[in-house]
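In what follows, a structure is listed as structure tokens, so that the remarks can point back to it.
The values are calculated or read from the model by the stated rules, or taken from the named source; none is laboratory data. Treat the numbers as computed from the prediction; the structure is a model and nothing was measured. Cβ atoms come from the backbone with ideal geometry, glycine included; neighbour counts cover every protein chain shown. Accessible surface areas use protein heavy atoms only, side chains included; no ligands, DNA or RNA. Shrake-Rupley method; radii C 1.70, N 1.55, O 1.52, S 1.80 Å.
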Amino acid sequence: MEITSIGALADNAGSAVILKGWLTNKRVSKGLLFLVLRDGSGIVQCIVNQRDVSSDSWQAASQATQESALEVAGTVVVDARQTGGVELQAIHVSLIHLTRYYPITPKAHGIEFLMDRRHLWLRSRRQWAVMRVRNRVIMSIHEFFQERGFLQMDAPILTGNAVEGTSTLFEIDYFGQTAYLTQSGQLHGEAMAMAFGKIYTFGPTFRAEKSKTRRHLTEFWMVEPEMAFYDLDMNMELAEDFLIRLAADVVRDCRNELELLGRDIAALERVQKPFPRITYTEAVELLKSDRTMALLDARLKILLGERLSLERERADNKAAYGQAKEWKRRRMDARDIEINTRLDEIAEELRNIPAWRKSAREFEWGSDFGGSDETLLTWHFECPIIVHRYPAAVKAFYMERDPEDERLALGMDVLAHEGFGEIIGGGQRTDNLEFLEKQIAVHNLPREAFEWYLDLRRYGSVPHSGFGLGLERTVFWICGLDHVRESIPFPRMLGRIAP
RNA sequence: UCCUCGGUAGCUCAAUGGUAGAGCAUGCGGCUGUUAACCGCAGGGUUGUAGGUUCGAGUCCUACCCGGGGAGCCA
């Protein structure tokens, strides 16, 4: 018998195999045990029939608790009812390690409890699915750029100066000198693009901002392509092709994972060329428009309707509770918790809507979009959108100006649809030495620190562009998660540095 | 930093100012095809902390601590 992984079982129907893994759940009947085994590659149900196994095997299987480590030998049987389409008829079971009191039970847990046990939470099904999608996205990122002749190069993580001068960075002591953890590899990326044409960096980046939202981490992974001889239009084209590729690869290769996550796959299949491209000025008009207000009104109506029907259901349950049978009462109790949780969510959104409305209606040309503004913009479209040509004042100092309007910078953001918001930010960098020198002065940046960067405009300066894609936000969007913290194995965020 | 919601059994949550409960998990028992299986029994509590109001506080008031998600900022 060969040691096989659960993921490969479907190709081994009818043969006898050995599996090594952990017990994720167990169901017991007289003379019959159902062991749900996981090994990282998948999950399979193993049937242990007392009549078919030795008493040692039966005892091992009976004793096994959640997350005990097991070796199971058995025959692979096709059964359409099972996830993965197969189950294992056990011939032999042995206990490798008996677990006592595994803290994460097969019922609901709060986020603080789970985050404190992230090292164990990763074993859970949803996390398994998310991490597999993350892996697929990482592979696709490399494939996409490698196929197009990009060189993967690494920017330093320790830097002596802030890239854009505005963000709050993590400060460290570098042999008596102040240094920072990088917030972007872009400036070094530009240098490498001038050396190799098309490059991308892919590594961790750090932001010390005290953001406490579902879209923020203090440590996250970013892929940053940088291309010589690319203007803004070519840049947008690349970003579009890139996202289409990522979505398509995941839809093709991670269907099980997406289904397990309850992701609306059709929404990912709508990620197709061309993405709507609107200028910042058009976006502002759309945001302030009656059409946006109508979307908010519609949302309000849906929420109020849902609240009413949930409250009715809760009242009906309460009325029926007295006469209900024991098992039915339990079901009502469970449903009551669901209803209360959802009602809390609805209440929060209802509190937010007036603020969203005000922010959108009173938006002034010249400021940057807030989180709710981005969400509202994406509600108007069925796939990701590209917003370009922002006011220069809200964008970084190195952005090229729009030759047709000096107030505008040739920057672009890609906003994921369904309200997930910004996942790409980038633009065309200025190739003009005098302009860049002036910008450094205007932004009060230390000129000496940027001398090497100015060199890129002194020797063979060419139009060039690039963008940064946040890996966790991309996984967050593709998986349809509630929070980016689930899209990285060990999230670092405000108030969270362990495990 | 500000706004907002919350903190009750190991976990998830109930509890008009009036005897603190349920499910899950754990242990024991039952059931030969279960899908977060089901059924029976058992153990399990300083209601975040410190004050206050009250005959009486999980519930009301004040302060603080911790957490959730929003603002600002951003990928």
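Each peptide among A:206-215, A:37-46 gets the average number of other Cβ atoms lying within 10 Å of its residues, and from highest to lowest they stand as A:37-46, A:206-215. At full extension, residue A:293 and residue A:10 could sit 96.7 nm farther apart than now, given 0.36 nm per residue minus the alpha carbon distance. In this structure, the amide hydrogen of residue A:216, modeled 1.01 Å from its nitrogen in the peptide plane, lies closer than 5 angstrom to those of A:484, counting only residues at least 5 positions away or on a different chain.
In deg cm²/dmol, rounded to 500, what helix-only [θ] at 222 nm does chain A give when every DSSP H run of at least 4 residues adds -39500 (n - 2.57) and the total is split over its residues?
On the way: 15 runs with 200 residues, N = 499.
So the calculated ellipticity at 222 nm is -13000 deg cm²/dmol.
For the pair residue A:458 and residue A:148 in one chain, pulling the backbone fully straight at 0.36 nm per residue adds 108.8 nm over the alpha carbon distance.
Simple point charges give the picture: +1 on the Cβ of Lys and Arg, -1 on the Cβ of Asp and Glu, and for segment A:81-140 a dipole about the Cα centre of about 160 debye.
Would you work out if chain A is rounded, prolate or oblate? Take a ≥ b ≥ c from the square roots of the eigenvalues of the alpha-carbon gyration tensor; rounded if a/c is under 1.5, else prolate when a/b is larger than b/c, oblate otherwise.
Working: a/c = 2.34, a/b = 1.58, b/c = 1.48.
The shape class here is prolate.
Working note: Karplus 6.51/-1.76/1.60 with θ = phi - 60° gives segment A:87-93 the couplings 9, 10, 7, 6, 10, 8, 10 Hz, where Gly and Pro are set to x.
What is the list of residues in segment A:343-358 whose amide nitrogen lies under 13 Å from a point 7 angstrom out from the Cα of residue A:379, following Cα to Cβ? Answer for this model: A:349-358.
Considering only A:309, A:183, A:468, the residue lying farthest towards the positive end of the dipole of chain A is A:309, judged by Cα position with unit charges set on Cβ.
Per residue, what accessible area does segment A:231-318 have, given a 1.4 Å probe and all protein chains present, in Å²?
Numbers: 4500 Å² over 88 residues.
Per-residue value: 51 Å².
Simple spin-label estimate for residue A:54 and residue A:308 gives 6.8 nm between the two label positions (7 Å along the Cα-to-Cβ direction from each Cα). The gain in end-to-end length when the residue A:107 to residue A:351 segment is fully stretched comes to 84.9 nm, 0.36 nm per residue minus the alpha carbon separation. Could you tell me the calculated FRET efficiency between residue A:233 and residue A:69, based on Cβ-Cβ distance and R0 = 45 angstrom, to the nearest 0.05? Working from the Cβ atoms, E equals 0.20.
Loop-located GluC sites (Glu not before Pro) across segment A:393-477 with a Cβ neighbour count of 12 or fewer within 10 Å are A:404, with loop assigned by DSSP. A dipole drawn for chain A from +1 and -1 charges on Cβ atoms has a positive end, and of A:279, A:42, A:423 the residue lying farthest that way is A:42.
From the alpha carbon centroid of segment A:363-428 to that of segment A:237-306 is 16 Å.
Ordering A:376, A:133, A:5 by the projection of their Cα atoms onto the charge dipole of chain A, which places +1 on the Cβ of Lys and Arg and -1 on the Cβ of Asp and Glu, puts A:5 at the extreme positive end. Couplings for segment A:138-155, taken from phi via the Karplus curve 6.51 cos²θ - 1.76 cosθ + 1.60 with θ = phi - 60°, read 4, 4, 5, 4, 5, 4, 4, 6, 5, 4, 9, x, 7, 9, 7, 10, 10, 8 Hz in order; Gly and Pro are left as x. The share of accessible area on chain A that comes from carbon and sulfur is 52 percent, using a 1.4 angstrom probe.
Report the charge-dipole magnitude of segment A:2-97 in Debye, nearest 20, computed about the Cα centre from +1 at each Lys and Arg Cβ and -1 at each Asp and Glu Cβ. Show your work: numbers first, answer last.
Values: 7 positive and 9 negative charges, 71 e Å.
Here the size comes out at about 340 debye.
What is segment A:116-273 by shape, rounded, prolate or oblate, if you read a ≥ b ≥ c off the alpha carbon gyration tensor as root eigenvalues and call it rounded for a/c under 1.5, prolate for a/b larger than b/c, and oblate otherwise?
Numbers: a/c = 2.22, a/b = 1.22, b/c = 1.82.
Cα axes put segment A:116-273 in the oblate bin.
Compute the accessible area per residue over segment A:2-97, keeping the other protein chains in place, probe 1.4 Å, unit Å².
Per residue, segment A:2-97 has an accessible area of 48 Å².
Sorted largest first by accessible area at a 1.4 angstrom probe radius, with every protein chain in place, the residues A:390, A:459, A:230 fall in the order A:459, A:230, A:390. For the peptides A:347-354, A:425-432, residues were scored by their other Cβ atoms within 10 Å and the scores averaged per peptide; the highest-first order is A:425-432, A:347-354.
Quick check for me: using +1 on Lys/Arg Cβ and -1 on Asp/Glu Cβ, what's the dipole size of chain A about its Cα centre, in debye to the nearest 20?
Values: 63 positive and 72 negative charges, 517 e Å.
Computed charge dipole of chain A: roughly 2480 debye.
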